[in-house]
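To start, the structure itself, in structure tokens.
The values are calculated or read from the model by the stated rules, or taken from the named source; none is laboratory data. Fair warning: this is a prediction, and the values are worked out from it, not measured in the lab. Quick reminder, even Gly has a Cβ in these numbers, built from the backbone with ideal geometry, and neighbours come from all protein chains shown. Side chains are part of the model used for accessible areas, which takes the heavy atoms of the whole protein and leaves out ligands, DNA and RNA. Shrake-Rupley method; radii C 1.70, N 1.55, O 1.52, S 1.80 Å.
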Amino acid sequence: MKVGIVGAGICGLAAARYLQKLGHTVVVLEKNERVGGRVATRRDGGFVWDAGATSIAPRGKRIESALLQELDTDGLVKIEKPIYLHDGLRVRPGFPSGAVRYTYISGIQTFAERLAEGIDVRLGQNVEEIEPLGAGYSILGEAVDALILTPPIPQTTLLLWRLSDSRPMANVHYRQCLAVMLGYNNALPQTSYHALLDAEQIHPMTWLSLESVKSPGRAPEGGSAICVQLSSAYSQTHFDQEDAKIIQTVVGFMERLYGSAFRAPAVSNTVRWKYSQPESFANFEHVNRKGSKLLIASDGLIGGHVEDAYEIGTRTAELLVEED
């Protein structure tokens with residue numbers, strides 16, 4: 001069976017890897033010039049940031065064997081320090097998860113790149129329309145027997161609409177997220193944590209990842225790399241604001257947390273995630289009809305973590321094979 005997969009994020013790559021192991025022919029079409037989706041690493045001036053997902057927590061799910069046993073583990077590091085909480089930038093311990101977390105020295109995108117090894121992934125391929133072709137489909141002129149769609153639900157719904165197909169996914173909504181990456185030529189003060197979370201989502205800064213604490217190799221010697229993800233409410237209100245103003249706001253938070261030495265970053269960048277995390281979910285069995293050769297593998301069916309994406313991709317591939 002020849003399977004087309006739209007999207008080379010973790011969902012799509014997990015599905016492709018599973019199917020290819022079983023001997024099926026797989027073609028993955030990705031509109032961007034890189035794999036990974038929101039598993040994304042950015043580099044600038046010797047600094048390295050994970051701008052979307054910031055760690056992988058296997059939690060005993062299927063991703064664990066891929067991460068720790070099947071793929072090359074060179075550069076894979078266990079994050080030693082925990083996550084702390086902050087209330088209005090007042091830092092305290094108390095985050096309940098004891099999950100073991102991993103990243104790569106070269107950046108979390110390395111996981112996606114290693115998943116993609118040996119798979120026919122075609123970058124820069126923007127799928128805007130799917131055409132029925134006999135018992136299968138045609139995408140960008142490629143004839144396939146079955147399709148797996150992995151983009152965020154709003155984009156997947158548009159592709160289905162053009163096929164006069166609809167699935168019960170209207171309840172799925174995503175939150176936007178602004179991520180700000182900062183690089184400093186001075187070292188951070190000693191901390192007991194690698195990340196801060198505002199669990200109540202009240203402060204504009206929902207998540208702070210000290211990249212150069214989380215992993216070695218993330219900043220030039222004596223420097224520090226920091227990535228901040230802003231709250232859904234703040235991101236929605238300021239999504240189209242100019243970068244300089246967003247960065248200025250975040251730098252103010254850094255100065256309050258770590259002192260005047262963090263008033264002027266050497267490097268600063270902003271990433272806008274339009275579909276950052278699903279806030280509600282559709283039912284996998286209701287969305288993916290029995291016997292269908294067009295299946296949906298999206299974070300809007302399980303959850304927005306990396307381990308969830310791997311799970312849904314593998315589960316969808318399993319369902320397709322069961323129906324083959």
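Please verify whether SER292 is surrounded by fewer than 17 Cβ atoms within 10 Å (Cβ to Cβ) and either within 12 Å of the chain's Cα centre (by Cα) or assigned to a loop (DSSP other than H, G, I, E, B) (or both), treating the condition exactly as stated. Full working, then the answer.
Values: surrounded by fewer than 17 Cβ atoms within 10 Å (Cβ to Cβ): yes; either within 12 Å of the chain's Cα centre (by Cα) or assigned to a loop (DSSP other than H, G, I, E, B) (or both): yes.
Spelling it out, SER292 is indeed surrounded by fewer than 17 Cβ atoms within 10 Å (Cβ to Cβ) and either within 12 Å of the chain's Cα centre (by Cα) or assigned to a loop (DSSP other than H, G, I, E, B) (or both).
Only one of these conditions is not met by LYS274: (1) of a type in the set (Lys, Arg); (2) more than 27 Å from PRO154 (Cα to Cα); (3) assigned to a strand (DSSP E or B). Which number is it?
Going through (1) of a type in the set (Lys, Arg); (2) more than 27 Å from PRO154 (Cα to Cα); (3) assigned to a strand (DSSP E or B) one by one, LYS274 breaks only (2).
For SER260, work out the one condition from (1) open to solvent by 30 Å² or more (accessible area, probe 1.4 Å); (2) among the hydroxyl-bearing types (Ser, Thr, Tyr); (3) closer than 30 Å to GLU80 by Cβ; (4) in contact with a strand residue (DSSP E or B) (Cβ under 8 Å, 6 or more places away or on another chain) it doesn't fulfil.
Exception for SER260: condition (4).
From VAL100, VAL144, which residue is surrounded by 20 or more Cβ atoms within 10 Å (Cβ to Cβ), of a type in the set (A, V, I, L, M, F, W, C) and modelled with pLDDT of 95 or more? Quick ask: steps written out before the conclusion?
Numbers: VAL100 fails: surrounded by 20 or more Cβ atoms within 10 Å (Cβ to Cβ).
Going through VAL100, VAL144 in turn, the sole match is VAL144.
Among the residues of segment 103-126, which ones are open to solvent by less than 40 Å² (accessible area, probe 1.4 Å) and not in a strand (DSSP E or B)? Full working, then the answer.
Filtering segment 103-126 down to residues open to solvent by less than 40 Å² (accessible area, probe 1.4 Å) leaves 103-104, 107-112, 114-116, 119, 121, 124.
Those that are open to solvent by less than 40 Å² (accessible area, probe 1.4 Å) and not in a strand (DSSP E or B): GLY107, ILE108, GLN109, THR110, PHE111, ALA112, ARG114, LEU115, ALA116, ILE119, GLY124.
Just checking, how many residues over segment 295-305 are part of a loop (DSSP other than H, G, I, E, B) and either out of contact with any Gly (no Cβ under 8 Å at 6 or more places or on another chain) or within 21 Å of THR54 (Cα to Cα) (or both)?
The first filter runs over segment 295-305 and keeps only residues part of a loop (DSSP other than H, G, I, E, B), leaving 297-298, 302-305.
Within this subset, residues satisfying the condition of being either out of contact with any Gly (no Cβ under 8 Å at 6 or more places or on another chain) or within 21 Å of THR54 (Cα to Cα) (or both) are 298, 302-305.
Within segment 295-305, residues that are part of a loop (DSSP other than H, G, I, E, B) and either out of contact with any Gly (no Cβ under 8 Å at 6 or more places or on another chain) or within 21 Å of THR54 (Cα to Cα) (or both) number 5.
Scan (1) surrounded by 22 or more Cβ atoms within 10 Å (Cβ to Cβ); (2) assigned to a strand (DSSP E or B) for the single condition THR156 breaks and write down its number.
Here THR156 meets the rest and fails (2).
Taking segment 120-150 as the region of interest, how many residues are closer than 30 Å to GLU211 by Cα and among the aliphatic types (A, V, I, L, M)?
Initial filter on segment 120-150 (closer than 30 Å to GLU211 by Cα): 121, 123-124, 150.
If we keep only those that are among the aliphatic types (A, V, I, L, M) as well, we get 121, 123.
Total meeting the criteria: 2.
Quick one: in segment 302-315, which of the residues that are modelled with pLDDT of 95 or more and touching a Phe, Trp or Tyr at 6+ places or on another chain (Cβ under 8 Å) is surrounded by the most Cβ atoms within 10 Å (Cβ to Cβ)?
By that ranking, first place goes to GLY313.
Determine which member of the set GLY45, GLY60, GLY37 is open to solvent by 30 Å² or more (accessible area, probe 1.4 Å) and touching a Gly at 6+ places or on another chain (Cβ under 7 Å). Write out each step before concluding.
Details: GLY60 fails: touching a Gly at 6+ places or on another chain (Cβ under 7 Å); GLY37 fails: open to solvent by 30 Å² or more (accessible area, probe 1.4 Å).
Criteria check complete, one pass: GLY45.
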